[in-house]
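I have placed the structure first, in the form of C-alpha cells, so that the comments after it can refer back to it.
The values are calculated or read from the model by the stated rules, or taken from the named source; none is laboratory data. The model shown is predicted, which means the values in this text are computed figures rather than measured ones. No Cβ is skipped: glycine too gets one built from the backbone with ideal geometry, and neighbour counts run over all protein chains shown.
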Amino acid sequence: MLMISRMRTKPLIPKLLHDLDAFTYGKSLWYFCVYQLVLKDRDSVWDCLIYLANQLPTPIAVRLLEENRERLSKLQLKSFDELCQSIIETSEFPEAISLYLAAIMKERAQSDLKKEEAFRLISEKYIKISTDLLSNIDSDYLLAMALEIPCDIDTMSMYDIAIRFNLDTFLDFQRLSPLMLQMWYEFEYLDPKEHSSKRRKATSKSCVVWH
C-alpha cells in the first residue's frame, strides 16, 4: 500500500482561485502564498499552495518548491510534506518525482540540524513511495524502461537521480541489483527489437512443447 497521503479533505479554496489561469498567474500567486506563510503560518494558505501545485505543470511546481524550500521547510513540516506529496500524486512520473523530492528532503536534513531526523524520515518515505510504485511493475523489461526513461526534471532518469544525489536506500531496492547485472552483461537488453525477438522465440518453444 502506498504511503501517499490524501490532500486535505475539504480545502477552503476561494472560488476566484478555481477560475484562475494557473499558467499565467500561478507562479506569481505561489510567491504571494509563500510570502503570506512567512508572515503567518495558516492552513488556508497551505491549501491554496497545494491547489496551485496540482494545477501547475510538475517541472514548474518542483522548481518553485526548490526556490522556496528553505522558507517553507521552516514552517509546518506536516503541511510541507503534504505539498510535496500533492506534487507526486499529480505528476506524470510519480516514481521519479518522489525520488527527486527525496533528494530535496535529504538536502534539508543536512542543512537543518534541528529537524534533521524529521527530514531524513520524510526522505526515506518518498523513496519508499518510489520503490512501492516500481514494485507494481511485474515485467523486468518494463521496470528497466521505467528506470531509464528521462523524467521532466532536467531530463534525468531515476538512475541519474539516485546516483547524483547518493540515494543509497533506493539503490538497495531488491530488484535493482539483478536488473543492473542483466543490463551490464547484455547491452541490448532495452532494445525493443531484441526483446520482441526473445518473446517470439519463447512463444515458439511453448508451442512446440504444447504440441
Criterion: of a type outside the set (A, V, I, L, M, F, W, C), crowded, with 21+ Cβ neighbours inside 10 Å and on the phi < 0 side of the Ramachandran plot - qualifying residue of GLN85, GLN76, GLN36: GLN85
Flag if GLU95 is buried (at least 19 other Cβ atoms within 10 Å of the Cβ), assigned to a helix (DSSP H, G or I) and in contact (Cβ under 8 Å) with a residue 60 or more places away in the chain: yes
Which members of the range 77-94 meet the condition of being more than 8 Å from the chain's Cα centre (by Cα) and either aromatic (Phe, Trp, Tyr) or within 11 Å of ALA61 (Cα to Cα) (or both)? PHE80, LEU83, CYS84, SER86, THR90
Let me spell it out: the conditions are (1) more than 21 Å from the chain's Cα centre (by Cα); (2) under 22 Å from SER98 (Cβ atoms); (3) not small (Gly, Ala, Ser), and LEU49 meets all of them except one. Which number is the exception? (1)
Could you grab me the full set of residues in the range 119-135 that are touching a helix residue (DSSP H, G or I) at 6+ places or on another chain (Cβ under 6 Å), surrounded by 17 or more Cβ atoms within 10 Å (Cβ to Cβ) and closer than 15 Å to PHE80 by Cα? PHE119, ILE122, SER123, TYR126
Exclusive hit being in contact with a helix residue (DSSP H, G or I) (Cβ under 6 Å, 6 or more places away or on another chain) and modelled with pLDDT under 95, set THR24, THR9, THR90: THR90
Considering residues that are more than 18 Å from SER79 (Cα to Cα), of a type in the set (Asp, Glu) and in a helix (DSSP H, G or I), the number found within the range 108-144 is 2
Identify all residues within the range 35-85 that are under 19 Å from ALA118 (Cα atoms), touching a residue at least 40 places away in the same chain (Cβ under 8 Å) and among the polar types (S, T, N, Q); write none if there are none. SER73, GLN85
With the requirement that a residue be within 14 Å of the chain's Cα centre (by Cα) and without any contact (Cβ under 8 Å) to a residue 24 or more places away in the chain, what does the range 124-150 give you? PRO150
Just to be sure before I move on: is ARG108 closer than 23 Å to LYS40 by Cβ, modelled with pLDDT of 95 or more and touching a helix residue (DSSP H, G or I) at 6+ places or on another chain (Cβ under 6 Å) in the structure I sent? yes
Regarding the range 149-167, can at least one residue be identified that is modelled with pLDDT under 55, of a type in the set (Phe, Trp, Tyr) and either in contact with a Leu (Cβ under 6 Å, 6 or more places away or on another chain) or more than 26 Å from PRO57 (Cα to Cα) (or both)? no
